[in-house]
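A short worksheet on the structure shown next.
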């Protein structure tokens, strides 16, 4: 009977751990419950038997939740986690370099700043100015082609927003000029950069946000380009 209590406890641990791997812990979890009930009734090593029984029941619940999901849903969740992990890498790399980052999209930042005017807007902008962001955009239809300047390679980008587009002037290092000059209008560029300036109206500056020290992360086809 002591052996059953110990086996229940061990199988409960194994079953719970394996239950997170596509529900593979169902069988050991069931055995943990069965082996835990017998010594519990006989009042032998009850603490260990109760622990094994609890772990077994928990493992069964987790395993069943996995097994009742559609395979495509599990794959989608796994791919989403991989994508989130991949997207988090640039932020961690910037933190290692001592660069302060902020997790905000161009659209969200525009909406935040657009709530204010004058000095109040400037004060709100100071919370973001100088911090690094991870954004994406495509070449602006008119005047978006890369240009060489003393500051670096200037690229005018457009990002879809709630209403119309957000215009982003990104300044890259000349080392990335080869990739930048190969960009096409149906491609989306993902990049990191430091928020340097903003203009909500964009009438005078030609942009809503200016991003300096920009670095390319990825270039991909837009959905329109794939069709």
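The values are calculated or read from the model by the stated rules, or taken from the named source; none is laboratory data. Keep in mind that what you see is a predicted model, and the values were worked out from it rather than measured. With ideal geometry, Cβ positions are generated from the backbone for all residues, glycine too; neighbour counts draw on all protein chains shown.
Brief remarks follow.
- Any hit, the range 148-161, residues being on the phi > 0 side of the Ramachandran plot and more than 26 Å from the chain's Cα centre (by Cα): yes
- Any hit, the range 95-108, residues being at pLDDT below 90, in a helix (DSSP H, G or I) and within 26 Å of residue 179 (Cβ to Cβ): yes
- Selection within the range 175-203: residues that are within 26 Å of the chain's Cα centre (by Cα) and in a helix (DSSP H, G or I). The member of this set that is surrounded by the most Cβ atoms within 10 Å (Cβ to Cβ) is 180.
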